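Below you'll find the structure, written out as structure tokens, and then a few comments.
The values are calculated or read from the model by the stated rules, or taken from the named source; none is laboratory data. None of these values were measured; they are calculated from a predicted model. Cβ placement follows ideal geometry from the backbone for every residue including glycine, while neighbour counts extend to all protein chains displayed. Surface areas here come from the heavy atoms of the whole protein model, side chains and all, with no ligands, DNA or RNA. Shrake-Rupley method; radii C 1.70, N 1.55, O 1.52, S 1.80 Å.
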Amino acid sequence: MNAVYEKLLGGKSGLLGLLILCGLLLVVFPLAFDIFRLNLVGKYLAYAFVAVGLVLCWGYGGILSLGQGVFFGLGGYCMAMFLKLEASDPISTKIQSTPGIPDFMDWNQITQLPLLWQPFHSFAFTLLAVLLVPALLALVIGAAMFKRRVGDVYFSIVTQAIAAILSILIIGQQGLTGGVNGITDLKTLMGWDIRTDSAKLILYFVNAGLLILCILIGRFILNSKLGRLLVAMRDKEERVRFSGYDVASFKVFVFCIAAMFSAIGGAMFTLQVGFMSPSFVGIVPSIEMVIYAAVGGRMSLLGAVYGTLLVNFGKTYFSEAFPELWLFLMGGLFIAVVMYFPNGLAGLYQSHGKVLLARLKGFMRRPERIAALPAAPKARLVKAEADVKLENGNLEASK
């Protein structure tokens, strides 16, 4: 039990950090924000799944992927396909030329539901697809790249190219994917109206719960032997390889885990926002997702969540308060983080937060230490402190 406790929670400090995050997400935000703002926070937390996955594969594994939007989009599109089929029943689409198919297919003169869409009538299949389709793509990409020892900047460029290709492919296949508009007008989940305030509140808590679960899984991986191997591969890959470990397989595994986390975030994003489009798949959103992890600290799972919230809160606030300047302000925020906090918010806590907490603990315990002294030393200590105060008072009076 102690071993599982250490791996899942990371000891007392890890437990405290997780409890603070849980209190913030599950208590403070729901009480502080109205349903509109809370839904925005839920949208931000959907991005945090990607940032948590990037901490695993980039921060610890040294695998910088600039195409995580691909997996985020695949998870979102899988969920959107199920929701769209449910919203496209023959009664709701009776005014179409071909009732029973999504509206954008009817606009593109498709008269039969494509074979690719038919399995998404099943919710169980959809849930499996959300996890397995991105993982299989990550497996193919990882095996093709890492088995040939392609890494570093070359891997980043390839993932960026894949994000561009998939975005173009989605836009070009308008009859299958909805094109540039994406899949919209999503209303119900198995008959449950996801547009109501109560539904948005429930989905927010589900989203937060899944995010916490992913953080626990990430901690279990990092605190296991695999986590130590990831750090070793990041720093001394050749030495790990010469020690007899299959470096490529470990890299493929952590890349697939990060892809699955991203896909879960994409599926939750679709449920909370009510649509999915190629604008969340391409190069720009993928780079923004890397920024979330960098701002929070690429070596901290909890920091990735805080970084995602900070960047998106900043984007929302600046765009509302300074609509003409908000891009410059966001750029200034990123530059400030890189220049002054290169290790992100988590690094800021490590360098300053822990020192302040240690001083605070020392200050709080000082009366206890004085009270625990024997009578004679205690009296001398109190007298010495009184003498110091008297001497300081005399100095002030002489001035």
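Take the conditions (1) in contact (Cβ under 8 Å) with a residue 12 or more places away in the chain; (2) out of contact with any Ser or Thr (no Cβ under 9 Å at 6 or more places or on another chain); (3) under 20 Å from Val150 (Cβ atoms); (4) of a type outside the set (A, V, I, L, M, F, W, C); Arg241 misses just one of them, which is (1).
Of the residues making up the stretch 93-108, those that are free of Cβ contacts under 8 Å to residues at least 40 places away in the same chain, assigned to a loop (DSSP other than H, G, I, E, B) and of a type outside the set (A, V, I, L, M) are Thr93, Lys94, Gln96, Ser97, Thr98, Pro99, Gly100.
Quick one: would you say Asn181 is open to solvent by 50 Å² or more (accessible area, probe 1.4 Å), modelled with pLDDT under 95 and within 23 Å of the chain's Cα centre (by Cα)? No.
Restricting attention to the stretch 249-265, and to residues there that are over 17 Å from Gly59 (Cα atoms) and open to solvent by less than 10 Å² (accessible area, probe 1.4 Å), which single residue is farthest from the chain's Cα centre (by Cα)? Checked the stretch 249-265; the qualifying residue farthest from the chain's Cα centre (by Cα) is Ala263. Annotation note: of Leu210, Leu186, the sole residue that is surrounded by 13 or more Cβ atoms within 10 Å (Cβ to Cβ) and outside any helix (DSSP H, G or I) is Leu186.
Taking each residue of the stretch 170-185 that is without any contact (Cβ under 8 Å) to a residue 24 or more places away in the chain and looking for partners that are surrounded by fewer than 19 Cβ atoms within 10 Å (Cβ to Cβ) and in a helix (DSSP H, G or I) with beta-carbon atoms closer than 9 Å, six or more apart or interchain, yields Gly172/Gly179; Gln173/Gly179. Can you find a residue in the stretch 10-24 that is in contact (Cβ under 8 Å) with a residue 24 or more places away in the chain and under 23 Å from Thr270 (Cβ atoms)? No; the residues of the stretch 10-24 include none that is in contact (Cβ under 8 Å) with a residue 24 or more places away in the chain and under 23 Å from Thr270 (Cβ atoms). Please enumerate the residues belonging to the stretch 272-287 that are among the hydrophobic types (A, V, I, L, M, F, W, C), open to solvent by 10 Å² or more (accessible area, probe 1.4 Å) and over 19 Å from Ile157 (Cα atoms). Within the stretch 272-287, Val273, Phe275 qualify.
Residues in the stretch 229-248 that are under 14 Å from Gly59 (Cβ atoms) and open to solvent by 50 Å² or more (accessible area, probe 1.4 Å): Arg234, Asp235.
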